[in-house]
Amino acid sequence: MNLHLLLISLLAMALLVPLAQGAPQVERGSGILIEMEEFDEKFSDVKTFASPTREREASGRHVLVRFFEPGYVIYRFTVSADGVYTGWLRYGTKNDVGLRVALDPVGEPEFTKLTVPATGGYIGPGVWGWGRMFRERLSAGAHTLAIGSVSMRPDCIFITPGDEEPTDMLIHKQRPPLDPETQALLDKPLVAVRPDWLDGTMAYGLPAWYEQHRVHAHTRLSLRLVNDEVFFTAARGFKEMGVRVFARHIKSGREGAWWPSALGAVDPRTEGRNIAKQIIDNAHREGLRIIVYHRHMEDEHMAAEHPDWVCVNWKGEPLSSRRGAYMCFNSPYPDYLLQRALELVELGADGFFYDEVHMPKTGCWCRYCRERFTEETGLDHPVDDDPDDPIWHKLRDFNNLTIERTFLNWRRAIHERNPELVMLIGSNTYPTIADRHLTHRLFRIADSMKTEFSLPMRHSGNVVLPFDTSMKPVERDAKIALGYTLARDATDGRPAHIWAHGLINEASTLYATAGMVTHGCIANLDIRENTIPNMMFKKAYALGDKVSPYFAGTVPLRWAALHYSEHARDKYATRVSDAWRRILYPLYGAYLALLRAHLPVGIVTDSQLEEGLLDGYKVLFVPPQEDVTERMRAAVRDFKANGGLVIEQQESWEWHDPNGGHEKALQTFMAAIGDEAKSAPVETFGGPEKMHAASFLSRNGKRLTVSLANDFSWVYTGRAVTRDGKKIDLSPYETPPPPCKGVKVVLRGYGTPKKVFDAVSGRELAAQRTPDGVEIALPDFEYMAVLVVEL
């Protein structure tokens, strides 16, 4: 058995141990609480049936998913006295369903079917209900309960001698108040909002080769394809498609190096060849730049050589992904990995693509983390990963700081060796605005943030700040655009690198590219390995050639800024509803208002605000000022004293309210801006509601770029089949929206332009002076127009 299989076997044994012990029952009030994920036995031919997944609103922070697959689960419990007992199930479901239950079955269960009502959803706050499974006389001693598959997410079982429906208060852990000493340690920041090591980040400059090409290619060619022709000819295929820059795997997961590294293991499939150098040289031979995807979290050899370098959970079990065990950044592992990266620099890599979460989101309980956490905070490590535990949230802060220190060290060393090399740092779910994993500080030190096409809409799986489904649903195009704007502005206006995979037709490639590039980002289009060269993408790369020169060397045009305060959000980390209602939804709501008004809007993060980086802005929307730091408040006061308009979120502005409060907040916000909107340097009129507009100014102030994109949120990205192998119906995603018609752009304060043209069509356009400013009418367009104004 090889090392990888051994590790998997050990992990599987660790997961099976709780099942052999039986489902633990916990006394709560007058009853017994049993978590659904802690069943004694499971019977199903489907491996994924009754799989546990994390859920903040669940009693044990987990619920069962894929419970609709054929099968059933068994629970054993004990009552201490004879009597009549009621069994309740806490669950979430969108529809009335037939719940199948068998109490004390003998042999194969004969289920009784009970109808339980819809609760309103499957995840998040406000969607959980209690259904009665039985009320029966039971004798003292052991009993068995079988529950059959049904379309719901079951959370927990509560068995009580009473007949009243349980309340959710029964299932939540009651935490004693913290002693003053512990509270003082929690209140002490681990790191300043704006630490000294952020000095100079505004001066970070991207190399011309990166800025001048806004549409890249991506391939996931791994060593399993090393004997396929495309493995060594991909660069030539990309060149035929019109690609200028592409990202490609140079290490896909846990495997050894693809080059003869001086340390660690080398993958035996290289057969003594320097495959990494061949890949890089092939790209350069075709005149292309290559960003190497270097998987940095897993390393099978080092995990075996140094098991204490592996991240572990609070139970002491290894934390892993499907690519292998996570390696801890507080161990010596990052020093080893840096030496590996410097070898790739010497081999000619043009950039590094650091994907994913970097460290486990739950935190790490290895000895390195335990020792350093206590040393730096004065606190003992949290007992477990409970989102209601403030000490666990302190561990999240420590986790984020660990990632920041690691990348800061890598960036300095790599850029010292090659200043023209670009480091892409994965943001995972940071652009959703609702995840405490990763912070604004990390992206100030990134050359560019890596994110994904529809990732800002990813609300599922968030156990810390889940989206409350009782709130008004967000509009997909606006939430995605907010994520793009944050991804760009959190890195001080540098273009984010957005991966779009699974695009299904030529129209999808063009509309997706238009949306990403319009918001000042780079469209990184994933090309299936067995289709290179894929001419379906050729027009998207031609579009990139047309418009990229007019984004290069620009910065986002400043007029209205929205303060995205992680500090304020995290104040309510254990009060989810308050976090959304006070901080997060107002940010989204204000962005939506300005997006629909086609006015310039940007994001300011906490460290940027403390640094006073508000030059050029005229309007500033801020969260309640009691929720931010004094340095942030001082920056806001200075902005106002210098003539800026400050709009502070008010308690009465119920952006989240689906019953009219949202619309009222939108109107109140725009009324607060009032006549200031008439002085906006750029304003766009006409076109469909979901047309997006964003403006950029050259650093010398001589060129203005106004980019417009038709609705791109309809584009499908992702798998063509489900994880079970079922084909997904993609027909709803095949037809683009109607063209944008009747669009005009008004410029104010720039004088008469020397020249105006649309970079997409190449048409020169007329500029007409009106009392409102200089007006430019655009020709109708399908997916994108890029207005270039030479001042």
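The values are calculated or read from the model by the stated rules, or taken from the named source; none is laboratory data. Given the structure is predicted, the values throughout are model-derived calculations rather than measurements. A quick note on method: Cβ atoms are made from the backbone with ideal geometry, for glycine too, and the neighbour counts reach across all protein chains shown. The protein model used for the area step is the full one, side chains on, heavy atoms only, and it has no ligands, DNA or RNA in it. Shrake-Rupley method; radii C 1.70, N 1.55, O 1.52, S 1.80 Å.
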| message | Take Thr53 and tell me if it is touching a residue at least 60 places away in the same chain (Cβ under 8 Å), open to solvent by less than 10 Å² (accessible area, probe 1.4 Å) and either touching a helix residue (DSSP H, G or I) at 6+ places or on another chain (Cβ under 7 Å) or hydroxyl-bearing (Ser, Thr, Tyr) (or both). | response | no
| message | Looking at (1) open to solvent by less than 60 Å² (accessible area, probe 1.4 Å); (2) farther than 20 Å from Leu114 by Cβ, which one does Leu178 not meet, given that it meets all the others? | response | (1)
| Of everything in the range 267-276 that's surrounded by fewer than 18 Cβ atoms within 10 Å (Cβ to Cβ) and charged (D, E, K, R), which residue is nearest to the chain's Cα centre (by Cα)? | Arg269
| request: Might you let me know whether the range 401-416 holds any residue that is under 18 Å from the mean Cα position of the chain (by Cα), at pLDDT below 95 and aliphatic (A, V, I, L, M)? | output: no
| request: Need at least 3 residues that are closer than 20 Å to Tyr716 by Cα per element, so show me which strands (runs of 3 or more DSSP E) inside the range 726-791 make the cut, counting only ones lying wholly within it. | output: none
| So is Phe398 in a helix (DSSP H, G or I), within 23 Å of Leu319 (Cα to Cα) and within 20 Å of the chain's Cα centre (by Cα) or not? | yes
| Selection within the range 671-687 - closer than 11 Å to Val745 by Cβ, surrounded by fewer than 16 Cβ atoms within 10 Å (Cβ to Cβ) and touching a Leu at 6+ places or on another chain (Cβ under 9 Å) | Gly686
| Of all residues in the range 223-263 being assigned to a loop (DSSP other than H, G, I, E, B) and in contact with a Phe, Trp or Tyr (Cβ under 9 Å, 6 or more places away or on another chain), the one that is surrounded by the fewest Cβ atoms within 10 Å (Cβ to Cβ) | Leu263
| Phe68 is checked against (1) open to solvent by 40 Å² or more (accessible area, probe 1.4 Å); (2) within 23 Å of Met152 (Cβ to Cβ); (3) at pLDDT below 95; (4) not in a strand (DSSP E or B) and fails just one. What number does that condition carry? | (3)
| query | Given the structure, is Ala446 closer than 27 Å to Glu790 by Cα, under 17 Å from the mean Cα position of the chain (by Cα) and either of a type in the set (Phe, Trp, Tyr) or surrounded by 24 or more Cβ atoms within 10 Å (Cβ to Cβ) (or both)? | reply | no
| query | If a residue has to be open to solvent by less than 10 Å² (accessible area, probe 1.4 Å) and either among the aromatic types (Phe, Trp, Tyr) or in contact with a helix residue (DSSP H, G or I) (Cβ under 6 Å, 6 or more places away or on another chain) (or both) to count, how many in the range 600-616 make the cut? | reply | 6
| When you look at Asn282, is it open to solvent by 10 Å² or more (accessible area, probe 1.4 Å), among the polar types (S, T, N, Q) and closer than 30 Å to Asn399 by Cβ, yes or no? | no
| Residue count, the range 122-153 (criterion: in a loop (DSSP other than H, G, I, E, B) and either of a type in the set (A, V, I, L, M) or at pLDDT 95 or above (or both)) | 8
| task | State which residue pairs qualify: first residue touching a residue at least 40 places away in the same chain (Cβ under 8 Å) and inside the range 648-666, second residue open to solvent by 60 Å² or more (accessible area, probe 1.4 Å) and outside any loop (DSSP other than H, G, I, E, B) in any location, beta carbons under 6 Å apart, and separation of 6 or more residues or different chains. | result | His656/Arg581
